[in-house]
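The values are calculated or read from the model by the stated rules, or taken from the named source; none is laboratory data. Everything numeric in this text was worked out from a predicted model, so none of it was measured. Backbone-built Cβ (ideal geometry, glycine too); neighbour counts: all protein chains shown. Please note that ligands, DNA and RNA were not included when accessible areas were found on the heavy atoms of the full protein model with its side chains. Shrake-Rupley method; radii C 1.70, N 1.55, O 1.52, S 1.80 Å.
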Amino acid sequence: MKVLVTGGAGFIGHHVIVHLLEKTDWQIISLDRLDYSGNLNRLSDALKEMPQAQGRVKVVHHDLKAPINPHVASHVGKVDIILHLAAGSHVDRSIDYPLEFAMDNVIGTVNILDFARTQNLMRFIYFSTDEVFGPAPEEVKYKERDRYNCTNPYSASKAGGEEFAVAYQNTYGLPIYITHTMNVFGERQSPEKFIPMCIRKVLDGKTITIHSNADKTQAGSRHYIHAKDVADALLFLLTKNPQIDNDFGGAKCPKFNIVGSEEWDNLMMAEAIALILRNKLSYEMVDFHSSRPGHDLRYALDGSLMESLGWTPHKVTDSLWRVCGWFKKHREWL
């Protein structure tokens, strides 16, 4: 079995590659352009103590804003599965450069879908985000087929990529799944992201900014999930191959929410990190609307479909202990 992982040098992508190497005997091709989010040091660092990875990972450099030409295709070769994780994902940057995100996440998706048409695929998975649903009111958790309400160019570009995936299944019969996930954390994550940023600031005794409501009384909340759980959910979908009978006007292209086990607000997360690291927490609540336009206070997904199929994630606390300990030992990643 040969698997092409786009964005394989990215944070989530490299965890997916490691998990596939640990749990299968599959051959992996990583396709990446190595921009600010792609870092081959992640792969080399993760694989250096994995003898089972020897000879099983091939790295191909390509920017998906351009079609996969015959030269690149010859380096990739024939594949059985494509996991499309490559994407621009920084919300703040999407607000400043929306066209860049349309090119990366819409045009890039069309280009990999066109390549997929040349293969005899068992499965193509488009890796999307909870943000396509927009902010979630209290007590609301969005199911896979709920309406979309994009509130920034990043989420709009991911929704656009989703619709092309659906169209390519309807038009060309590609075997596509779509997944939504949110607030993934883990080892080797970019230090600009919330959890590694909190770990660094707690260790250094600096103040953490907690985005909150206008009254600064309620912190924003998310369902956090470790990247290894995300990778495990993708492998579960690939091996179980569930067939979902969706009666939405004959809609195809099954969708799956990959959701963390519990919802935590960001202040709870910062407090837990300080407790694990045994350091004092210094924080400041900031109105998220004024400080981060285009961001939403609460996101929430319903994970009941995956649970009904037999997949559940690990507890956030267990993963957080491991990640805090790892970053403390590997300060170079902070």
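One table, with the values for the structure above:
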item	result
Whole-Hz couplings from phi, Karplus 6.51/-1.76/1.60, listed for the stretch 80-85; x for Gly and Pro	9, 9, 10, 10, 9, 9
Nearest 10 degrees, 0 to 90: helix 153-172 Cα axis against the chain principal axis	20 degrees
Listed residues 277, 64, 297, most fluctuating in the chain (Gaussian network, C-alpha, under 10 Å)	277
Chymotrypsin sites (Phe, Trp or Tyr not before Pro) restricted to DSSP loop in the stretch 88-157 with at most 16 other C-beta within 10 Å	148
Using alpha-carbon coordinates, inclination of helix 266-277 to the longest axis of the chain, degrees	80 degrees
Sequence-separation-based contact order of the chain, relative, with Cα cut under 8 Å and 6+ spacing, percent	18 percent
Cut-off under 5 Å, modelled amide H: who pairs with residue 285 long-range	210
Gain upon complete extension [residue 170, residue 44; 0.36 nm per residue less C-alpha separation]	41.5 nm
Acute angle (nearest 10 degrees) that the helix 316-329 long axis makes with the longest principal axis of the chain, alpha-carbon atoms	80 degrees
For the stretch 50-191, accessible area per residue (1.4 Å probe, heavy atoms of protein chains only), Å²	42 Å²
Loop-located GluC sites (Glu not before Pro) in the stretch 54-151, at most 13 other Cβ atoms within 10 Å (DSSP)	138, 139
Options [x] 32, 57, 11, 0; [y] 31, 60, 8; [z] 29, 53, 17, 1 - which one matches P(r) over Cα pairs in 20 Å bins from 0, in percent as calculated here	[y]
DSSP-defined antiparallel bridges as percent of all bridges, the chain, nearest 5	10 percent
Residue among 118, 209, 312 with the largest mean-square fluctuation in a Gaussian network model of the chain, springs linking Cα atoms under 10 Å	118
Antiparallel DSSP beta bridges within the stretch 101-232, as percent of all bridges there, nearest 5	10 percent
Extension gain from residue 138 to residue 190, taking 0.36 nm per residue of separation minus the Cα-Cα distance	15.8 nm
Protein accessible area in the chain, 1.4 Å probe - carbon and sulfur %	51 percent
Cα centroid separation - the stretch 59-99 against the stretch 105-157, whole Å	15 Å
Globularity index of the stretch 1-129, i.e. its alpha-carbon radius of gyration over 2.2 N^0.38 Å	1.02
Partner lysines for residue 143 [C-alpha distance under 18 Å; skip if fewer than 8 residues away on the same chain]	158, 252, 255
Chymotrypsin sites (Phe, Trp or Tyr not before Pro) lying in DSSP loop within the stretch 184-252, provided at most 12 other Cβ fall within 10 Å	248
Choice from 157, 94, 44 showing the highest fluctuation, given a GNM over the chain with Cα pairs closer than 10 Å	44
Value at 222 nm in deg cm²/dmol, rounded to 500, when DSSP H runs of n ≥ 4 in the chain each add -39,500 (n - 2.57)	-11500 deg cm²/dmol
